[in-house]
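The values are calculated or read from the model by the stated rules, or taken from the named source; none is laboratory data. All values reported here derive from a predicted model rather than from experimental measurement. Just so you know, the surface numbers come from the protein's heavy atoms only, side chains and all, with ligands and any DNA or RNA stripped out. Shrake-Rupley method; radii C 1.70, N 1.55, O 1.52, S 1.80 Å.
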Amino acid sequence: MAIMKRIGIDVGGTVNSLNALIHKTEGRIAPLDAVMIGTTHFTNAVVQRRNLTRVAAVRIGLPASASLQPFVDWPDDLAARVRGRVFLVKGRPRV
C-alpha cells in the first residue's frame, strides 16, 4: 500500500513554511502526490460577499463535463457577482 504525501498550505504567513521545510531538509523531500491550498481571504470574501471580482472558469473535460455548468451549485447571488467568462474544452483520455 502506497503512502500518499500531501502538503496543505493556508495562503498567508504560512506560505513561507513550505520554503522553510525545503530549506531545512536541504531539498531532500520525496515527490508529493498533492498540494492543497486554502485561504482565509477566500472564505471571508465568500461569507462577507465583498471585495469580489469576476473570474473566468476553465473546465477541461468535454464532453463529460458539459452536463453541469461552472457555478451551478453556488448561491445565485454569489455566482452572479463572480461569474465571468466560461471556457469548456475537450479533455485528453488517459493513456
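Brief remarks follow.
- By accessible area with a 1.4 Å probe, ligands and nucleic acids excluded, highest first: order of Ser17, Ser65: Ser17, Ser65
- Difference of contour (0.36 nm per residue) and Cα-Cα distance, Asp73 to Val58: 3.8 nm
- When Val46, Val72 are compared by accessible area at a 1.4 angstrom probe, the order from most to least is Val72, Val46.
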